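Here the structure comes first, spelled out in structure tokens, and everything after it is commentary.
The values are calculated or read from the model by the stated rules, or taken from the named source; none is laboratory data. Just so it is clear, the structure is predicted and the values come from calculations on it, not from any experiment. Here the Cβ positions follow ideal geometry from the backbone for every residue, glycine too, while neighbour counts run over all protein chains shown.
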Amino acid sequence: MKKFTLIIICFILMPFLVFAADKPFGFSRMDDTSNAGSLEEPYDIFVEEPFGDDPLDIGAKKPFVVGERNFEIGIANINFNFANTFLTAKQIFQETLTLDMRDLADGFRVNLGVNVTPFYVSFKSKKGWSGGFFIDVNAIGILNLSGNMLSFNEAKDDISDVSGALFASATAKSSFNIQKFKVRFNPSLFYTLAYVQPESVKYNFTQKDGGTVMYVDYNIQAYTGFPIDGSDFALTAKPGFDFSAGVSYPLSEELGINRKFPFLEFDVGVDFINIPLVSSKMSNLMQMKDYVGIKDPLFFTDDFMDNLDVGGENSEPVYSVLKEAAKMYRPFKMLISADWRPFYGSKLIRVEPVFGFSINTLYSKPFSIEAGINGTVNLANLFRATLGFNYMDRMHVYSLDLAFNLRAFELNLGADLRSQTVAKAWTAAGVGIDIGLKFGW
């Protein structure tokens, strides 16, 4: 893990070696605190520069613009999402539930996520730097059942994931200018309050010694940050430490592209989210280990029922305190993005593509691609609407986020359709809801 962290730090420093710059630079990203601290959205919540010169009327000398808050407090910012690959909203709400079992041939996947930022405070100076403090609670639940197991196909040690985690964190966020680079640095102290290991279910259906064996091995290992065996509550988890960092650069300006082609004004950026430094440690373990099915070769003789062993005799959970604590990390992401302003640099319309990858040890295969594109219409910083088409956290997410800003008060509302497959996402096999409140001046 130390080598991995060193590689990430090298990536962060690379842009400083590639570009030369002379002037201070202020870069603004999509302003979205309804998902502040979420593992799902990479965008920084600060708007680091004035809104722009012509949000409503391109060329206007003194347009109406709602001013940016220099001081801000957020309360009850909540994101909830659920997605699956089997049931759609239409099937759930119809009078007679109809199921097509053939859909299970590709497996059955469920994702559940809850992210709550009960409180945050942020501020920014007129000199271009900003800071803030955030408290986040993030819950992740994953169920990924094998299609071979659900269809009773022949397979050996076919893995299904039943996993999840609960994290609580406190983060100090900051951004500042280094010549033309806008740098973001966000260290976090986090606790892992619950963690269920992946690869917990293995399915076997094979031929052995002329007979048939068919069984499911399960080994559920649930680590907790406190005893769950009925003893008095006490926080036993040890905190971990990670940080997020990013940098943005006005590439089109420095290359002179926007002077020849004014509709090609854009900035580029890279973000590293949850770079691990110190693991969170957990010593309380609840384990459920057994099998269900037939492990001994089955021969259909007259007395096969007398010798039938289907397991399931040791299904009671076993509680223990580990001498050597288990090490836990939060999911990591690396994302490259762009901020394109096609209307001659106006902030009226912005298009932000993003591409990268994540490493999430809650899956038996931790690596996955992240990609998407988001478009924002911003009317005088009074009303913003963002339409997104993204593949994030192994889900296709089609979202609409709205913001109503009166400077002293801002309301953020968002909703999305999502699923692990493209087709199911459009049929509302999953949904997400965002709500956020901001106060300040």
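If we scan the stretch 381-395, do we find a residue that is farther than 22 Å from Val351 by Cβ, over 15 Å from the mean Cα position of the chain (by Cα), in contact (Cβ under 8 Å) with a residue 24 or more places away in the chain and in a loop (DSSP other than H, G, I, E, B)?
Within the stretch 381-395, none of the residues are farther than 22 Å from Val351 by Cβ, over 15 Å from the mean Cα position of the chain (by Cα), in contact (Cβ under 8 Å) with a residue 24 or more places away in the chain and in a loop (DSSP other than H, G, I, E, B).
Looking at (1) under 24 Å from the mean Cα position of the chain (by Cα); (2) free of Cβ contacts under 8 Å to residues at least 60 places away in the same chain; (3) surrounded by 16 or more Cβ atoms within 10 Å (Cβ to Cβ), which one does Lys202 not meet, given that it meets all the others?
(1)
Which of the residues spanning the stretch 136-155 are among the charged types (D, E, K, R) and farther than 30 Å from Tyr329 by Cα? Break it down stepwise before answering.
Of all residues in the stretch 136-155, those among the charged types (D, E, K, R) come to 136, 154.
Residue satisfying the conditions is Glu154 alone.
Restricting to the stretch 396-428, and then to whatever is aromatic (Phe, Trp, Tyr) and within 21 Å of the chain's Cα centre (by Cα), can you tell me which residue is surrounded by the most Cβ atoms within 10 Å (Cβ to Cβ)?
Per the stated criteria, the residue is Tyr398.
Say we look at the stretch 239-257 and pick out the residues that are touching a residue at least 40 places away in the same chain (Cβ under 8 Å) and in contact with a Leu (Cβ under 6 Å, 6 or more places away or on another chain); which of these is farthest from Asn186 (Cα to Cα)?
This residue is Pro239.
What strands (runs of 3 or more DSSP E) completely inside the stretch 305-379 contain at least 3 residues that are surrounded by fewer than 16 Cβ atoms within 10 Å (Cβ to Cβ) and modelled with pLDDT under 95? Before the answer, list the steps.
Values: elements: 318-328, 332-341, 349-359, 367-379.
Passing ranges, in order: 318-328.
Name every residue in the stretch 156-196 that is free of Cβ contacts under 8 Å to residues at least 60 places away in the same chain and at positive phi, in order of residue number.
Asp157
Here are Phe80, Phe108: which of them is modelled with pLDDT of 95 or more and surrounded by 15 or more Cβ atoms within 10 Å (Cβ to Cβ)?
Phe80
Let's see how each residue does on (1) out of contact with any helix residue (DSSP H, G or I) (no Cβ under 9 Å at 6 or more places or on another chain); (2) surrounded by 16 or more Cβ atoms within 10 Å (Cβ to Cβ); (3) closer than 30 Å to Met288 by Cα:
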position: Phe152; (1), (2), (3): yes, no, yes
position: Phe167; (1), (2), (3): yes, yes, yes
position: Ser175; (1), (2), (3): yes, yes, no
position: Lys182; (1), (2), (3): yes, yes, no
